[in-house]
Amino acid sequence: MNIICRYLVSIGFVVLPFLFRCTSGEFAGIEVTNGNCSGKIYNDDNTAAANALVRLIPSGYDPTLPSSGKIDSTFTRTDGSYSFLVTKSDFYTILAEKNGKSCKKDSVSVLSDEKQDIGNDTLSEPASLTGRIIMKAGSDPSTAVILFTGTNLYTSPSDTSGYFDTLYLPAGKYTLKAFTTEDGYNVFDTAIILSSGEHRDITVTIPISYAPPIQIVSTIYDASTFQATVIWQKADSSKIMGYSMYRFVNGKEDTLILLDNY
């Protein structure tokens, strides 16, 4: 509850469709008896996982994009089976959980005009993820959010320190997307693979969207050779292609030197 409240404050209007999609119908667990997409969930002792919560999520699901689809959910029957009625052919992610254990199946191709058995999955210990979001000095990391596209999973820092609470995720491969509502930043995304029971601590630096200012460390002029040596801190190479250096004589531009980034 605390994370959702913080997220709502940080993201404002952007988060509204996300919260709706993540919660609306998600706990209703409507059993579908005539679905065209079915499978089974087992416990880690090979017994049927009855009453496990199963979610069907478009593989490209991104709550910040209204066109990315919606989340459907149901509960398994006593034999561990479940069904979904899929009306749109697409690739989907299957997430299941029960009693703190979970499983994930990626990029399941489901056709709306065919009945398909997508097979069995087994619940296991989730992975745990902790870490910190880094932004430039003067920015507020609590305005940032980390999403895992194709899932309903997300986290956000609890305060301006940038550290976020432990997030538990089913083992598998994820695309992590981090962004902030503050101006002047780009979206950061990367792939991450987590194993069952693994703990991972990560640091996410949200990139600025503009070329950073150049900080001159020192300038040394050698009168005997008429040469000047300029030393500066190298900027983020992803934001610039090179440097332009100007020489001014008596207040007028005299020479332009182009330096490739290195």
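The residue of segment 95-114 that is farthest from residue 49 (Cα to Cα), among those that are assigned to a strand (DSSP E or B) and acidic (Asp, Glu), is 106.
When residue 152 is tested against (1) buried (at least 19 other Cβ atoms within 10 Å of the Cβ); (2) part of a strand (DSSP E or B), just one condition goes unmet, and that condition is (2). The single condition among (1) touching a Leu at 6+ places or on another chain (Cβ under 6 Å); (2) free of Cβ contacts under 8 Å to residues at least 24 places away in the same chain that residue 187 does not meet is (1).
Taken over segment 196-221, residues that are closer than 24 Å to residue 104 by Cβ and in a loop (DSSP other than H, G, I, E, B) amount to 3.
Among the residues of segment 237-256, those that are at pLDDT 65 or above and either of a type in the set (Lys, Arg) or closer than 20 Å to residue 211 by Cβ (or both) comprise 242, 243, 244, 245, 246, 247, 252.
So that you can scan it fast, the table gives a plain yes or no per residue for (1) crowded, with 20+ Cβ neighbours inside 10 Å; (2) over 19 Å from residue 54 (Cα atoms); (3) modelled with pLDDT under 95:
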| position | (1), (2), (3) |
| --- | --- |
| 116 | no, no, yes |
| 119 | no, no, yes |
| 126 | yes, no, no |
| 136 | no, yes, yes |
| 140 | no, yes, yes |
| 146 | yes, yes, yes |
| 158 | no, yes, yes |
| 175 | no, yes, yes |
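In segment 200-222, the qualifying residues are those that are more than 30 Å from residue 246 (Cα to Cα) and exposed (fewer than 11 other Cβ atoms within 10 Å of the Cβ), and the one that is farthest from the chain's Cα centre (by Cα) is 201. Only one of the numbered conditions (1) assigned to a strand (DSSP E or B); (2) more than 29 Å from residue 101 (Cα to Cα) is violated by residue 175, and that is (2).
Where the second residue is modelled with pLDDT of 75 or more and acidic (Asp, Glu) and the first is more than 20 Å from residue 207 (Cβ to Cβ) and lies in segment 223-243, which pairs have Cβ atoms under 9 Å and are six or more apart or on separate chains? Close Cβ pairs satisfying both conditions: 228/222; 229/222.
The values are calculated or read from the model by the stated rules, or taken from the named source; none is laboratory data. None of the values given here were measured: they were computed from a predicted structure. FYI the Cβ positions are ideal-geometry reconstructions off the backbone, even for glycines, and counts take in every protein chain you see.
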